Each structure stands twice: as structure tokens, then as C-alpha cells.
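Asker: I'd like to ask some things about the structure below.
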Amino acid sequence: MPSLRNAFSYQGRLARLPYFLLSLGIGIAAALLVAAGGILLERGHALPGWLLWLIALVLVFGAGSAIVVRRLHDLGQPGGHVVRLLILTVLAGAIDHSQTAALIALNVLLALAGLALVLLPGQAGANAYGPPPG
């Protein structure tokens, strides 16, 4: 089981399985926080609801981007690629849903990027970002 103490670290490398497990954990935790925040907002508790949503946002963008950067490092790629993925994600959310072809193309591209991060093996031996994880 991967350690959560380095979830917000942008240094070093992260292997496939710990990346997958951390991604899954972050996604589940964020979904629970958003759901709980929504329930609180619906019941008239605005401040606690918005705080839970803010925590979910920090979790997804803080820890989420950190583990993607470390996974990219394991593949020998610069962490700056995470900005490209973020731009594609924002574009996918901003595209008018009548633009079906563009929306499908962006979502397919993001899905392929996600699969690559989970399936491609990291570089054997040390690289510019440190020794192999493990």
C-alpha cells in the first residue's frame, strides 16, 4: 500500500501500482467530500459544505498533480506535462456539449494518457529524477 505522507511531494518517482492506488484513493476521498459537501449545502449549512468542497479541490489538484508528476518522472518525462493534461481537462469541461466530436476526441486523449500512466513501465535504473521507486 503506498504511503500518503508523500502524496503532496513533487520530487522523485512513483511506480505504476502505487500511482494507481493513490489515484483511486484520491478519487474516492474527493467524491465522498463532494457528496458530503453537497448534502450540507442542500441542508442550508453553506460554510461547512463549501469547506468540504475546497478540501476536495485541494486534494485533487494538490495530491493529484503531485502523483502525476512523480509518475511522469518514473517514465523519464518532465513534470511540466501535467500542465498540458490540466489544460486538456479544463477544455473537456468547457466545450459546448453540442461539439460532440471535439468532446469525444478530448476525452479519448485524456483516457489514453491515464492508461499510459498506469500501464507503461517506468525506466529501469536511475534517471534524472532519482533512483527507481521501491
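Asker: Take the residues of segment 61-84 that are surrounded by fewer than 17 Cβ atoms within 10 Å (Cβ to Cβ) and either touching a helix residue (DSSP H, G or I) at 6+ places or on another chain (Cβ under 6 Å) or of a type in the set (Phe, Trp, Tyr) (or both): which is nearest to Ala126 (Cα to Cα)?
Answerer: Once the filter is applied, the top-ranked residue is His81.
Asker: Another question about this same structure. Within segment 72-95, track down each residue that is touching a residue at least 40 places away in the same chain (Cβ under 8 Å) and under 20 Å from Val108 (Cα atoms). Full working, then the answer.
Answerer: Taking segment 72-95 as the starting set, the residues that turn out to be touching a residue at least 40 places away in the same chain (Cβ under 8 Å) are 72-76, 79.
Listed by number, the list holds a single entry, Leu72.
Asker: When you look at Thr100, is it surrounded by 10 or more Cβ atoms within 10 Å (Cβ to Cβ) and farther than 22 Å from Ile26 by Cα, yes or no? Show your work before the answer.
Answerer: Details: surrounded by 10 or more Cβ atoms within 10 Å (Cβ to Cβ): yes; farther than 22 Å from Ile26 by Cα: yes.
Yes.
Asker: Can you work out which of the residues in segment 19-45 that are over 12 Å from Ala63 (Cβ atoms) and of a type in the set (Val, Ile, Thr) is surrounded by the most Cβ atoms within 10 Å (Cβ to Cβ)?
Answerer: Selected residue: Val34.
Asker: Go through segment 85-97 residue by residue and tally those that are surrounded by 15 or more Cβ atoms within 10 Å (Cβ to Cβ) and farther than 24 Å from Arg70 by Cβ.
Answerer: Of the residues in segment 85-97, 1 are surrounded by 15 or more Cβ atoms within 10 Å (Cβ to Cβ) and farther than 24 Å from Arg70 by Cβ.
Asker: Against the condition under 23 Å from Leu112 (Cβ atoms) and either in contact (Cβ under 8 Å) with a residue 24 or more places away in the chain or not acidic (Asp, Glu) (or both), how does Leu21 come out, does it pass? I'd like the intermediate steps shown before the answer.
Answerer: Working: under 23 Å from Leu112 (Cβ atoms): yes; either in contact (Cβ under 8 Å) with a residue 24 or more places away in the chain or not acidic (Asp, Glu) (or both): yes.
When the stated conditions are applied, Leu21 passes them.
Asker: Can you name the condition, by its number, that Val108 falls short on among (1) of a type outside the set (D, E, K, R); (2) assigned to a loop (DSSP other than H, G, I, E, B); (3) at pLDDT 90 or above?
Answerer: (2)
Asker: Another question, then. Within the set of pairs 6+ apart or on separate chains, which have a first residue in segment 38-65 that is at positive phi, a second that is crowded, with 16+ Cβ neighbours inside 10 Å, and C-beta atoms under 9 Å apart?
Answerer: Here the result reads none, with nothing in segment 38-65 linked to a residue that is crowded, with 16+ Cβ neighbours inside 10 Å.
Asker: Further, regarding this structure: How about segment 1-59: which of its residues are over 12 Å from the mean Cα position of the chain (by Cα) and hydroxyl-bearing (Ser, Thr, Tyr)?
Answerer: Scanning segment 1-59 gives Ser3, Ser9, Tyr10.
The values are calculated or read from the model by the stated rules, or taken from the named source; none is laboratory data. Predicted model only: the values in this text are computed from it and were never measured. In this analysis, Cβ positions are derived from the backbone assuming ideal geometry, glycine residues included, and neighbour counts consider all displayed protein chains.
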